[in-house]
Structures are given as C-alpha cells and as structure tokens.
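Participant: One structure coming up, written as structure tokens, with questions to follow.
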Amino acid sequence: MAILDVRNLTVDFNLDDGGTLRAVDDSSFTIERGEVMGLVGESGSGKSVTALAIMRLLDSQADITAGQILFDGEDLAAKSEAEMRAIRGRRISMVFQEPMTSLNPAYTVGDQVSEVFRAHFDMGFGESKQRAIEMFERVKIPQPKDTYGKFPHEFSGGMRQRVMIAIALACGPDLLIADEPTTALDVTIQAQVLSVIQDLQRDMGLALLFISHDLEVVAQLCDKVAVMYGARIMEVSESTELFSSPRHPYTDGLLRSIPRRGQPLTPIAGTIFDLRSPPDGCRFHPRCPYAEDRCRREMPELRVVEPVAASTDPGSSGDSGGTGDRRQAACHFPLTGAGAKA
Ligand SMILES: Nc1ncnc2c1ncn2[C@@H]1O[C@H](COP(=O)(O)OP(=O)(O)OP(=O)(O)O)[C@@H](O)[C@H]1O
Ligand SMILES: [Mg+2]
C-alpha cells in the first residue's frame, strides 16, 4: 500500500466577493514508502495548496470539497483537528520555504527541537535535550552541543533551515513534505541543504514530496514527478522518463523553458489563466501549440498513456502491478517523444 494515496483531491477557496476559486482540481497521485516525488509547475498552479491540504493546514477560506487523502490507508480529509495534531510532526512533517517565519524567535533552537520530543513521546528534559543534539548532528550543524542554547537570529538562513529539518524529522515521520525548502537560500547553501535532505531521506527511508520550481534539482532528487498546471495534474511519470521524453505538451514547454548553456530559452507562450474563470476543455489548450477542437471542448482526464517505443520508455510497459509507476498524462494527444505528436 502506498504511504500516500491522494484521490480526486479538490480544494476550493471562498473569495471575499462571494465567488469561488478552485486551487486544486481533481488531483490524484500516490507516493510509495521511501519514494521521492517531485511536484512542479508554474507559480500559482496549486502546489502549496496541495501540500497544505495534505497537512490539513489550509486557511479558513479554503475547503477540501471532494476527494480523499489516504495516508497509510486512513483518510486525512476526514480527520478531526485533534487527530491531525497527533499525526502532524509525528508521522507527516513539512518544511517551508522561509525558515525564520516557522521558528519562534523567543526560544532557543534547542528548546524548539527538544519540545518536539516531549510533545510526542513520554520523554523527560534530559533525554529530549540529548535527542535534540543528536538531530543537530544528523542535519550536520557544526558544534551541535553549543547550538542547543542559541536563538534563531544567531544563525544564517541555511543553518535555520537545518534546524527546521531537525524539527521536522525529530519524530521519524513516514512522509516529509518540503515546499521550496531551499528557494530562499543562496546557491551554494541550497546545494548543502539539499544534500542534507537527500541523505536523511535515504537513511530514514522517508517518503518525500518535494515541491520546487527548479527542474534540475527535481531531476537529481526525485524518483517520480507530478506536473501541475492551473490546479490540475497534467502528467505523472518516473523522473528520468519525464525529462527525456515528456508526454504532455505543458511538460514539454516547461522543459524547453529551462535555461541551458548555449541554447536559447523558449518560454511557454501566453500566461496562466485566471483560476476564477478557467477555460473550457483542457486548461492548457489556449497555450498549447498542438491544440485541436477536442481540446477546446473536452477536459482530458489523467490516464495511463501507452509507451512510445520499447527503447525510449522501458519503465512503462513492464511487469509492475499498480498504476503508480506508469506514465500518466491528461492530454487527448500525448506527445510521442522529441516534441512530435501522436
Ligand atoms: N489565501 C488564498 N485566498 C485565495 N486564493 C488563494 C489563496 N492561497 C492560494 N490561492 C490561490 O490558489 C492558487 C494556488 O496557489 P499555490 O500557493 O498552491 O500556488 P503554488 O503552485 O504553490 O505557487 P508558487 O510556485 O508561487 O508557490 C493561486 O493561484 C491562488 O489563486
Ligand atoms: Mg507555493
């Protein structure tokens, strides 16, 4: 059983003017135990709202209006806030983009990590302090013992993000959600923090939902990738296959928009639509170079797509049981490789 099985998740915001905005629309994906899944897509496509829905941390204007979030077989969408408090931080944790806003400036970082142990386990002060220091070692903070008594403002952004990772992983969760965890950091620090996340993911056998704008980092880190556009999942694929032969024209456009040395950048023409008034048919059709009449009329569902050819698509025709590791695209006319159309 997948550790996370999101089925037809739909999240609506109730806007002040009385309208609604569907920020996540009928979204389905699974993450296996120990698997790293990337979630990518342009700004505003619904990545963070997806993460916050799983954590049940949506703000009061937002509701999960359909679907299930099966975590280890239990539907988080149906849990009470008290039940979620026992799961959050203990079995599912989240790391956000900006570590300063998540740490309490008034308490030492040691207090904030050891508090996690005392809140979730029957642990005294001495033991929780010892465990906090061990966590500082695991996230490779230099002088972990001296770190214990320091306040958040005494650290750089990269070190604060390590403290956040220590807090998130203190209880040995099954699933970590990292939403742009290194975007606020400068490039060399980003690489260090990513390697801390990657090492701990492997050591702890963590399932990881990794949200990022940075497709190159996603390619390095993730086993599998889901691509979102305008609140909908457009493609789910093993990472290597997604990057070598995207099946959805939107994925193809995203990959072409990555700056590569010596190659011109080709941004996707047009802009994302207003989520309050989505286009009919495929959400991407106004920007899609391959759109046909059917695309303007009929919304394509996410479905398993046939492999392109045995040589370019080895993972999808194999003997694996579930649909989780087969290629899925929400497109009437999926690409067949190198930008060519079926
Ligand atoms: N508090 C809110 N009130 C109303 N609409 C919201 C609110 N928060 C998010 N939205 C809407 O939900 C959509 C999805 O937002 P979300 O934060 O998930 O995007 P994202 O993919 O994480 O983008 P980014 O890459 O910029 O972080 C946004 O386009 C926005 O229209
Ligand atoms: Mg976001």
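The values are calculated or read from the model by the stated rules, or taken from the named source; none is laboratory data. Just so you know, these numbers come straight off a predicted model, no measurement behind them. Backbone-built Cβ (ideal geometry, glycine too); neighbour counts: all protein chains shown.
Participant: Of the residues that sit in the range 186-224 and are within 16 Å of ligand 2 (Cβ to nearest atom) and not charged (D, E, K, R), which one is nearest to ARG91 (Cα to Cα)?
Facilitator: Taking the candidates together, the pick is LEU209.
Participant: What pairs come out if I take residues in the range 142-157 that are closer than 15 Å to PRO105 by Cβ and pair them with residues that are of a type in the set (Ser, Thr, Tyr) and surrounded by fewer than 16 Cβ atoms within 10 Å (Cβ to Cβ) whose C-beta lies under 8 Å away, six or more apart or interchain?
Facilitator: That search, which allows pairs on different chains as well, returns PHE151/TYR107.
Participant: Condition first: of a type in the set (D, E, K, R), within 9 Å of ligand 1 (Cβ to nearest atom) and over 15 Å from the mean Cα position of the chain (by Cα). Now tell me which residues in the range 45-71 satisfy that.
Facilitator: From the range 45-71, those of a type in the set (D, E, K, R) are 47, 56, 59, 63; that's our starting set.
Next, only the ones that are within 9 Å of ligand 1 (Cβ to nearest atom) stay: 47, 59.
Answer for the range 45-71, where residues must be of a type in the set (D, E, K, R), within 9 Å of ligand 1 (Cβ to nearest atom) and over 15 Å from the mean Cα position of the chain (by Cα): just ASP59.
Participant: Just checking: which of the helices (runs of 4 or more DSSP H) contained wholly in the range 112-215 hold 1 or more residues that are under 27 Å from ALA53 (Cα atoms)?
Facilitator: Numbers: elements: 125-138, 144-147, 157-169, 187-204.
Here the list reads 157-169, 187-204.
Participant: Does GLY19 fit the bill of being within 21 Å of ASP274 (Cβ to Cβ) and modelled with pLDDT under 95? Let's see the steps before the verdict.
Facilitator: Working: within 21 Å of ASP274 (Cβ to Cβ): yes; modelled with pLDDT under 95: yes.
When the stated conditions are applied, GLY19 passes them.
Participant: Looking at the range 22-44 only, could you name the residues that are within 13 Å of ligand 1 (Cβ to nearest atom), at pLDDT 95 or above and hydroxyl-bearing (Ser, Thr, Tyr)?
Facilitator: Once the filter is applied, which keeps residues that are within 13 Å of ligand 1 (Cβ to nearest atom), at pLDDT 95 or above and hydroxyl-bearing (Ser, Thr, Tyr), the range 22-44 yields only SER27.
Participant: Related question: Could you list, in sequence order, all residues of the range 190-219 that are closer than 16 Å to PHE96 by Cα, more than 11 Å from the chain's Cα centre (by Cα) and of a type in the set (A, V, I, L, M, F, W, C)?
Facilitator: Once the filter is applied, which keeps residues that are closer than 16 Å to PHE96 by Cα, more than 11 Å from the chain's Cα centre (by Cα) and of a type in the set (A, V, I, L, M, F, W, C), the range 190-219 yields VAL193, LEU194, VAL196, ILE197.
Participant: Restricting the search to the range 239-252, which residues are of a type in the set (D, E, K, R) and either out of contact with any Lys or Arg (no Cβ under 9 Å at 6 or more places or on another chain) or at pLDDT 95 or above (or both)? First the steps, then the outcome.
Facilitator: Residues of the range 239-252 of a type in the set (D, E, K, R): 241, 247, 252.
Result: ARG247, ASP252.
Participant: Can ALA170 be described as buried (at least 20 other Cβ atoms within 10 Å of the Cβ) and touching a Lys or Arg at 6+ places or on another chain (Cβ under 6 Å)? Steps first, please.
Facilitator: On the way: buried (at least 20 other Cβ atoms within 10 Å of the Cβ): yes; touching a Lys or Arg at 6+ places or on another chain (Cβ under 6 Å): no.
Considered against the rule, which asks whether it is buried (at least 20 other Cβ atoms within 10 Å of the Cβ) and touching a Lys or Arg at 6+ places or on another chain (Cβ under 6 Å), ALA170 comes out as no.
Participant: Which ranges mark the strands (runs of 3 or more DSSP E) fully within the range 1-100 that have 2 or more residues being under 21 Å from PHE284 (Cβ atoms)?
Facilitator: Qualifying strands (runs of 3 or more DSSP E): 4-14, 20-31, 36-40.
Participant: Can we say ARG202 is more than 16 Å from ligand 1 (Cβ to nearest atom), charged (D, E, K, R) and surrounded by fewer than 23 Cβ atoms within 10 Å (Cβ to Cβ)?
Facilitator: Details: more than 16 Å from ligand 1 (Cβ to nearest atom): yes; charged (D, E, K, R): yes; surrounded by fewer than 23 Cβ atoms within 10 Å (Cβ to Cβ): yes.
Here the answer is yes, as ARG202 does meet what is asked.
Participant: Against the condition under 29 Å from LYS129 (Cα atoms), within 16 Å of ligand 2 (Cβ to nearest atom), of a type in the set (Gly, Ala, Ser) and in contact with a strand residue (DSSP E or B) (Cβ under 8 Å, 6 or more places away or on another chain), how does ALA178 come out, does it pass?
Facilitator: The answer is yes for ALA178.
Participant: Given VAL225, VAL236, VAL193, VAL218, which one is surrounded by fewer than 24 Cβ atoms within 10 Å (Cβ to Cβ) and either of a type in the set (Val, Ile, Thr) or within 16 Å of ligand 1 (Cβ to nearest atom) (or both)?
Facilitator: On the way: VAL225 fails: surrounded by fewer than 24 Cβ atoms within 10 Å (Cβ to Cβ); VAL236 fails: surrounded by fewer than 24 Cβ atoms within 10 Å (Cβ to Cβ); VAL193 fails: surrounded by fewer than 24 Cβ atoms within 10 Å (Cβ to Cβ).
Answer to the check: VAL218.
Participant: Go through the range 178-190 and count every residue that is buried (at least 20 other Cβ atoms within 10 Å of the Cβ) and among the β-branched types (Val, Ile, Thr).
Facilitator: Total satisfying the criteria: 1.
Participant: Hey, another quick one. In the range 16-75, how many residues are free of Cβ contacts under 8 Å to residues at least 40 places away in the same chain, away from ligand 2 (no atom under 16 Å from the Cβ) and buried (at least 18 other Cβ atoms within 10 Å of the Cβ)?
Facilitator: Qualifying residue count for the region: 1.
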